[in-house]
1. Could you look through segment 23-61, keep only residues that are hydroxyl-bearing (Ser, Thr, Tyr) and in a loop (DSSP other than H, G, I, E, B), and pick out the one that is nearest to the chain's Cα centre (by Cα)?
2. One residue is enough: does segment 433-440 have a residue meeting the conditions modelled with pLDDT of 80 or more, more than 24 Å from the chain's Cα centre (by Cα) and surrounded by 15 or more Cβ atoms within 10 Å (Cβ to Cβ)?
3. Kindly provide the set of residues from segment 97-113 that are surrounded by 17 or more Cβ atoms within 10 Å (Cβ to Cβ) and in a loop (DSSP other than H, G, I, E, B), ordered by number.
4. So in segment 286-328, with the set limited to residues that are in a loop (DSSP other than H, G, I, E, B) and hydroxyl-bearing (Ser, Thr, Tyr), which one is nearest to Ile28 (Cα to Cα)?
5. Which one of the conditions (1) under 22 Å from Met45 (Cβ atoms); (2) surrounded by 14 or more Cβ atoms within 10 Å (Cβ to Cβ) does Val357 fail to meet, given that it meets all the rest?
6. Test Glu401 against the criterion of being at pLDDT below 85 and either open to solvent by less than 30 Å² (accessible area, probe 1.4 Å) or assigned to a helix (DSSP H, G or I) (or both), and give yes or no.
7. Cβ contacts < 7 Å: first residue free of Cβ contacts under 8 Å to residues at least 60 places away in the same chain, restricted to segment 364-382; second residue open to solvent by less than 50 Å² (accessible area, probe 1.4 Å) and not polar (S, T, N, Q), any location; separation 6+ or different chain. Result?
8. Name every residue in segment 242-263 that is free of Cβ contacts under 8 Å to residues at least 40 places away in the same chain and among the small types (Gly, Ala, Ser), in order of residue number.
Amino acid sequence: MNDYQRYRLEIERYEKKFASWERRGEKIIDRYRDERNERTTTAKMNILWSNVQTAMPAVFSRLPKPEVSRRNKDRDPVGRVASQILERALSYEIEHYPDYGSAMANAVEDRFLPGRGCVWVRYEPKFKQVETVSEDTFDEDDPQGEEADEVEEPGEEIEYECSPCDYVAWQDFGHAVVRTWEEQWLVWRIVYMDREQLVERFGDEGKAIPLDHKESDEKDKEGKAETIPQARIYELWDKRSERVAWLSRAHDTLIDQVEDPLKLQNFFPCPKPLYATMTTGSLVPVPDFSLYQDQAKELDIITGRIDKLVRALRVVGVYDASAKSLQNLLADTADNKMIAVDSWAAFAEKGGLQGAVSWLPIEMVVNTLQALYMARDQCKQTIYEITGISDIVRGSSDSGETATAQSIKSRYANIRMKRMQEDVARFAADLIRTKAEIMCELYQPQTLVMYSDAMNMSEVQKVPEEQREQFVMQALELLRDQYTRGFRIQISSDALVEIDQQQEKQDRLDFLAAAGQYIKQAAEAAQAAPQMAPLLMDLLQFGVRGFKVGAEVEGAFDEVAEQMRQQPAQDPRMQQMQQEVEQQQQMMQQEGQRLQQEGQQVEQGKQAFMQERNGFEVEKIRAGSELEKKAADLAIKEIDLRYREQRLQEMSRDMTREIVE
């Protein structure tokens, strides 16, 4: 059995195994779209549409933000820059191109309807024509040979490259019949191609492929549907042989077959599909609607009966034909108007209005309607219990319920929804991991640098300008060599749903409060014991990595920690001696200020002495004896001043000696 026959056999086995599931899926989609016969007038309640429209935003309502981090939280500037480059490149493709968001939304919708959503990732380079320069060869033995001339030859180079995500319709995806996805070895998707696309992809081989698929287009004026002929091409990825093959069931041989083109870790270009209810013995999913379809039918029956009773609920009755004026009682013009009655005495003898008019009783209809409304609410509640969609998730509430009752409902709904959210987050992360592997394996370095704006990263700007390019190239080489071992990509489940902006602000405030309190306590501890500073900084980094919002400032904390490690640690005894010396210096400085004040006082005494001496000379002329007495007093004062000046000089010398010692 050759590869073509083996693949044909696997396709036939799959179609036989999944035929009933595909028929059920088509019916569910018709029910979701409310496809019905135009002649059908029975009212229905589309609870399926309501549940899907409620559940989808609860698990996927916005594009994810990939988080690329190093597996080992060590100090590695190159590894940190490499993770930032990959994270920025992934974010650029997710936000710049619409394929990821639309493919995810379609896959999530398929998960809630037929029960399986699938997305395919591929590598798409865009080439442009360039002129390459080459040297013309010549014969060295030819004596007339001349030097080689430069010749321009046409060539190609990659203009840009991307890894788009293709949504695969649930009917166009298939795989080998196994029990679990971990046992899977063969997957395929169906691609519809016209003649021009076939020739462009497969060359001359595409001219011989029959166009075996005809899709109905819009009807023409005569009401006949036009058809667009196309070929159903199966793209098969065989994990056992690590080959990719293309075949058409209307063609006798394989159209093409190549070696593994993407070099992915798990080989398949698609992650594990997004499944509804599954069991371990089969990969045939059970759609959610199948689990409450009986209750949905009951809900339709009740809604139909309510519709009929509402139509029959009218105020009608009969009246005495002799009192023709009574027919105007319910006329639109009867508001605030008196109606004349002929022969009032005879009319009163017959019992008046009650004797002349008899109304159709509607109490039975009203009571029946009330019972039907209660039955419909009970049926809806049963469906919500089956699906796990509570009133809290739907945004409705009963004013009579207590806060405790609503809290219990909310927790119960979150438990049921949490698993769906985690499945969608796993699927989204697997898609991004596949894109990341393609980027690291096949993208050119300049493409990653352009997508991530790597040269303007704060971490790169800290490197000397002449070393920045080499630093970025080291990070790119690390991505290419150690992507699967050194990095991990994760997406939290709350990253795909609309979160409360107030909660995000509160998370940032909690981070700042916790970090600020710890920094204050750590600063006091480091001042008392400087040798503990590196350990305290490591503990701070450990706490920062525990906060999701702290990832943006992790590099700044690493830089501060590195600076602290580069500072030499001081001996506690030397630090104590240094503190004692500083205290002595302060005391000596105070003593010097005191001596300076005393010197100023001595100077002031000298000035006073000179003034008195001058006065003495004047008085000496006037009175000799009195001046002699004053001269003696001044001599005594002069001796005292000289003594104090000498004492001041001795104290100054002592202070200088102590400072030197």
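1. The residue in question is Ser61.
2. no
3. The one that is surrounded by 17 or more Cβ atoms within 10 Å (Cβ to Cβ) and in a loop (DSSP other than H, G, I, E, B): Leu113.
4. Checked segment 286-328; the qualifying residue nearest to Ile28 (Cα to Cα) is Tyr292.
5. For Val357, the exception is condition (1).
6. No: the conditions fail for Glu401.
7. Val365/Leu309; Thr368/Leu309
8. Selection gives Ser248 alone.
The values are calculated or read from the model by the stated rules, or taken from the named source; none is laboratory data. Quick caveat, the model's predicted, so the values are computed rather than measured. All Cβ positions, even for glycine, are placed from backbone atoms using ideal geometry, and neighbour counts span all protein chains on display. The accessibility values were calculated without ligands, DNA or RNA, using every heavy atom of the protein model including side chains. Shrake-Rupley method; radii C 1.70, N 1.55, O 1.52, S 1.80 Å.
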